[in-house]
Amino acid sequence: MNREEAIKVEDLTVAYGEKPVLWDVDLTVPSGVLMAIIGPNGAGKTTLIKAVLNLVNTAAGRVLIYGEPYSKQRRIVGYVPQRGSVDWDFPTSVKDVVMMGRYGALGWIRRPGKKEADMALAALEKVGMSRFAERQISQLSGGQQQRVFLARALVQDAQVYLMDEPFQGVDATTERAIVTLLQELRAAGKTVVVVHHDLQTVPEYFDWTALLNVRLIASGPVSEVFTEENLRLTYGGRVSFLRHGERNGAPEDEKRTGERGF
Amino acid sequence: MKRGPEKGASDVDFPQIFSDLFLDYTLRTVALGSAVIGIVSGALGSYAVLRKQSLLGDAMSHAALPGIALAFLLTGSKMPLVLIIGAALAGWIATLLIISIVNSTRVKYDTALGMVLSVFFGFGLVLLTIIQKRPDATQAGLDKFLFGQAAALLERDVVTMGILGASAILITMLLWKEFKLLSFDPDFASTLGFPVRVLDVLLTTLIVIAIVLGLQTVGVVLMSAMIVAPAASARQWTDNLGVMIVLSSLFGALAGISGAVLSASVTRLPTGPTIVVCVSAIVIFSMLLAPRRGILWRFFRERRQRGRLRLEGILEDLYSLALEHKDPEHAHSLSVLRLMSAGKGGVERSLEILSERGLVRAVSPGEWALTRAGIEEAERAQGERGGGQDER
């Protein structure tokens, strides 16, 4: 396996006050994988993504995107923040939000025009939301909000995508639609990193994973590192639901257990 | 304007005020100045409200008082520009202080805001008292900054305000998409490469400018109303940021002009409170009557909804009773229907409405049955409810 390194994190340490949130994390994400970052609450999953995007102050360490510092590679990195991070009562329309993904490419002062509107509509089509283009964003359900955020990342036309819990609080239909979209992105050669909460679906949705609990416990192909041993190291004693043999055939009603209820 | 501009001697006061607006120097100056204040604070206030910084405006305007007093003490000048610069600097320092308190201590945002506001304002009041105790008469009028005095506006003040305000609005127009993104999703703006800190400081500075422009006229105590109220009212009427900002400016101008003109025509009426009374009227009107978001609109929609549900409920009750009897048009007594819609009341009234629509008919006194149209309606309603679990 001799692939290019899409993301390389070296010695990354982040602390809020005196409490370390990430401790000496070294992580390499090869180009073209669909990766889940998993770990318990407070493990620093969101912080890891934000540190890669230079949204939080790091105490130590550095981040490279295809061998260059993030500040030089901004244009090829797309970001899907947590749905709850914005006020959905903001007076704007679905299409306007999606067009925001082009603001970086537009640069200062220039306003989005027909080209940007067309790109936004195409992206909305991809996430099955073209009917809602003119809708006010406060009238969307959780799953629809999530799709709008995905469409906004799609118009960025990036190489590397970082997504913070895109499955949070969406219905089953939307979850399937999002998974399909992520797999299409991987098929197109993009690298996708997703903060994920539902352990049961990791082997089904992803081919690469990183287990995180302040320190990086393990990272690599799901088939190699998504083991009971590593999960216990990550979650402590709290993974009683994942017994041998159940991994690939958990009963339908247990698929929801995961860590979601917390 | 049928009457035209000629001034009849027997005219009552109201048209008099209108003609004065164009002919009377003081009134014209006051109206123009207040319009500028309303437009600028309405536009910039929209951003403050959308970014949930309404209270920051309050802190900034209160904190401006010691700046005004110190500017006077240091320069001995009462030139509005000098005082405005002092006010802006003090407002600025207060804002920075709030931000650094929140960042470096465990004190929460609202507490930091309250502390800085009251400390600065208190200090400002002390300085004002000291100034007023000075033997010379030069200090006269500085206390007008508390509640504002529209009549004190001069033409050159209005020109200064106009230039400053126009520049502020021009910047928001140039950086339209940047400020929009900053207000909606600053983290995302940062990942796109926009210097969020710089934009944040710039927008906050523009809000400070909007505030200090109005201090002389509206006063430090109530200026925050001009930042918050027009924007909050405008938000009620539209879901489009551009429309909201234009509306907010119009509301601000309307409140500013009417308040300032009123206070300038009636002697010793402080301008700030008068303007706030006017803007409050706009707020109340918008909160009550705006379509979709207004309280009255919501009230009637809910009532209509409840009424519709009650009628459907009775139709369905009759339908399920009829099903049990294998005769869709079987008649049932009122008392049974009352039991089924346990305690909700109004069954008779609902039946009357339904019979007016031809959905039910009274077979005999107290006995009701579905009509053919009623059966169809009940089936349709049930179908809708069964399949109505779509996404919101």
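Between region B:147-197 and region A:26-45, the C-alpha centres lie 41 angstrom from each other.
Hey, could you get me the Stokes-Einstein D for region B:67-137, Kirkwood radius over alpha-carbon pairs, 20 °C and 1.002 mPa s, rounded to whole µm² s⁻¹?
Values: Rh = 13.3 Å.
In µm²/s, the coefficient rounds to 162.
Which of rounded, prolate or oblate describes the protein assembly as shown when judged by the alpha-carbon gyration tensor and an a/c cut-off of 1.5? Before the final figure, lay out each step's value.
Values: a/c = 2.39, a/b = 1.19, b/c = 2.01.
Cα axes put the protein assembly as shown in the oblate bin.
Which whole number gives the average, over all residues in B:173-180, of C-beta atoms from other chains lying within 10 Å of the residue C-beta?
Working: counts 1, 2, 2, 2, 11, 3, 0, 6.
The shielding value for this peptide is 3.
Shown is the FRET efficiency for B:Trp297 and A:Arg135, computed with R0 = 22 Å from the Cβ-Cβ distance and rounded to the nearest 0.05: 0.70.
With runs of 4+ DSSP H residues as the only contributors, calculate the mean residue ellipticity of chain B at 222 nm using -39,500 (n - 2.57) per run, divided by the residue total and rounded to the nearest 500.
Working: 17 runs with 293 residues, N = 392.
Rounded to the nearest 500, it is -25000 deg cm²/dmol.
Which whole number gives the average count of other chain Cβ atoms within 10 Å of the Cβ atoms across peptide A:84-92? Provide the component values of the computation, followed by the final result.
Working: counts 0, 4, 6, 6, 1, 4, 8, 15, 9.
So the per-residue partner count for this stretch is 6.
Modelled label positions at A:Gln168 and B:Leu309, each set 7 Å beyond Cα in the direction of Cβ, lie 3.1 nm from each other. With K and R counted +1 and D and E -1, the other residues having a Cβ less than 15 Å from that of A:Tyr103 yield a net charge of +4. Given R0 = 25 Å, the distance between the Cβ atoms of B:Tyr109 and B:Thr75 translates into a calculated FRET efficiency of 0.15.
Listed values for region A:182-192 are Karplus-derived 3J(HN,Hα) couplings in whole Hz (6.51 cos²θ - 1.76 cosθ + 1.60, θ = phi - 60°), namely 4, 5, 5, 4, 4, 4, 7, x, 7, 9, 10, and x replaces Gly and Pro.
Can you give the Rg to Rh ratio for region B:176-215, taking only C-alpha atoms and Rh from Kirkwood?
Values: Rg = 11.5 Å, Rh = 10.6 Å.
Using Cα coordinates only, the ratio equals 1.08.
Here A:Lys8 is the anchor, and the lysines within straight C-alpha reach of less than 28 Å, apart from those fewer than 8 places off in the same chain, are A:Lys19, A:Lys45, A:Lys50, A:Lys72, A:Lys190.
Would you kindly give the portion of the calculated P(r) for region B:9-293 that falls above 33 Å, as a percent of all Cα pairs? Walk me through the numbers on the way to the answer.
Details: 8629 of 40470 pairs.
Distances greater than 33 Å cover 21 percent of the Cα pairs.
Under the simplified labelling scheme, the B:Val266-A:Glu224 pair shows an inter-label distance of 8.2 nm, with each label point 7 Å from Cα along Cα→Cβ. Annotation: peptides B:144-155, A:221-232, ranked by per-residue average of other Cβ atoms within 10 Å with the highest first, follow the order B:144-155, A:221-232.
Please give the peptides B:87-93, A:50-56 ranked by average Cβ packing (other Cβ atoms within 10 Å per residue), highest first, as a rough proxy for protection. Could you put the intermediate results ahead of the total?
Working: B:87-93: 23.4, A:50-56: 20.4.
Ranking the peptides B:87-93, A:50-56 by packing returns B:87-93, A:50-56.
Residue by residue through A:101-110, how many Cβ atoms from other chains fall within 10 Å of the Cβ on average? Write out the running numbers ahead of the final one.
Numbers: counts 2, 2, 9, 7, 2, 2, 3, 5, 6, 1.
Mean number of neighbouring Cβ atoms from other chains: 4.
If you count Lys pairs in chain B whose Cα atoms are under 29 Å apart, skipping same-chain pairs closer than 8 places in sequence, the total is 8.
Throughout, read-outs are computed from the coordinates displayed, never taken from laboratory work. Worth saying up front: this structure is predicted, and the values here are computed from it rather than measured. We place every Cβ from the backbone using ideal geometry, glycine too, and count neighbours over all the protein chains shown.
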